[in-house]
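J.: Questions regarding the structure given below will be posed in turn.
The values are calculated or read from the model by the stated rules, or taken from the named source; none is laboratory data. Since the model is a prediction, treat every value here as computed from it, not as a measurement. Ideal geometry is used to build each Cβ from the backbone, glycine not excepted, and the neighbour counts take in all protein chains shown. Heavy atoms of the whole protein, side chains included, go into the accessibility calculation; ligands, DNA and RNA do not. Shrake-Rupley method; radii C 1.70, N 1.55, O 1.52, S 1.80 Å.
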Amino acid sequence: EPMERRPLPPHDPPGHPSPPISFPAIPIKFSEKQQASHYLYVRAHGVRQGTKSTWPQKRTLFVLNVPPYCTEESLSRLLSSCGLVQSVELQEKPDLAESPKESRSKFFHPKPVPGFQVAYVVFQKPSGVSAALALKGPLLVSTESHPVKSGIHKWISDYADSVPDPEALRVEVDTFMEAYDQKIAEEEAKAKEEEGVPDEEGWVKVTRRGRRPVLPRTEAASLRVLERERRKRARKELLNFYAWQHRESKMEHLAQLRKKFEEDKQRIELLRAQRKFRPY
């Protein structure tokens, strides 16, 4: 019997093979008591040509499957044998930001990811990346010299860290506000310089700047604003009362017109009934 012909599985077109992405595995253990190993999958960080990246491509190691108990400090210590680690950043998923990221605050930052994460490890030299790709392991996250807290001890430490220092918080807020005020002042100065100046096509940008000056935030100014709002509400209530009275008077006038109309109809009917035939 002839053999049945079946369609071939889809494959890459000739001349355009898709290269496999290799992720070397680095086994790690939480401590010496743990028997099973957890694996970190690593590769050199790289992006497509023409795409900007926050992290330098030749000196950055991209790490997958980072467990929740592995912090940035722990990951930096695990890879310190490969070379001097410049920075470590944990994220929920890979990110290819095209603009440099602002420094994160230790007081105002999103909650940490509870599950597995990815990491970007930046070494001081490119040799650190190649050395990390050749690691065999297993590496210990928690050691006697560098213990990592777990269980109720970790909960207590997290709660203690969640209570900010008031003085340090004030200093950071004041620094941020000073930088923000300086930025706003620069933008206003730039807008003032460009005000009334035509652009390349001859158009002049019209703004509403300066039409409504901001009141000073003092107690007297706040009291004046509250008094003005109170008088405005009282005047509005009085106007509403007059409008209601006006509506009532109009309704009463209409009722009187209807009553007079009915009386006129009855009088006309009476005159018609009393009318006599008068040919001359």
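J.: Being surrounded by fewer than 18 Cβ atoms within 10 Å (Cβ to Cβ) and within 28 Å of the chain's Cα centre (by Cα) is the filter here; which residues of region 63-88 pass it?
T.: Of everything in region 63-88, those that are surrounded by fewer than 18 Cβ atoms within 10 Å (Cβ to Cβ) and within 28 Å of the chain's Cα centre (by Cα) turn out to be 64, 67, 68, 69, 71, 72, 73, 86, 87.
J.: What strands (runs of 3 or more DSSP E) completely inside region 1-86 contain at least 2 residues that are modelled with pLDDT of 85 or more and farther than 22 Å from residue 141 by Cα?
T.: Fully inside region 1-86 and qualifying: nothing.
J.: Do you know which of the residues in region 127-140 that are in contact with a Lys or Arg (Cβ under 7 Å, 6 or more places away or on another chain) and under 12 Å from residue 78 (Cβ atoms) is least open to solvent (accessible area, probe 1.4 Å)?
T.: 140
J.: Follow-up. List every residue pair whose Cβ atoms lie under 7 Å apart, where the two residues are 6 or more positions apart in sequence or sit on different chains, the first residue falls within region 63-77 and is at negative phi, and the second residue, located anywhere, is open to solvent by 50 Å² or more (accessible area, probe 1.4 Å) and not in a loop (DSSP other than H, G, I, E, B).
T.: So the pair list comes out as 64/41.
J.: Out of (1) more than 30 Å from residue 37 (Cβ to Cβ); (2) open to solvent by 80 Å² or more (accessible area, probe 1.4 Å); (3) touching a residue at least 40 places away in the same chain (Cβ under 8 Å), what's the single condition that is false for residue 188?
T.: (3)
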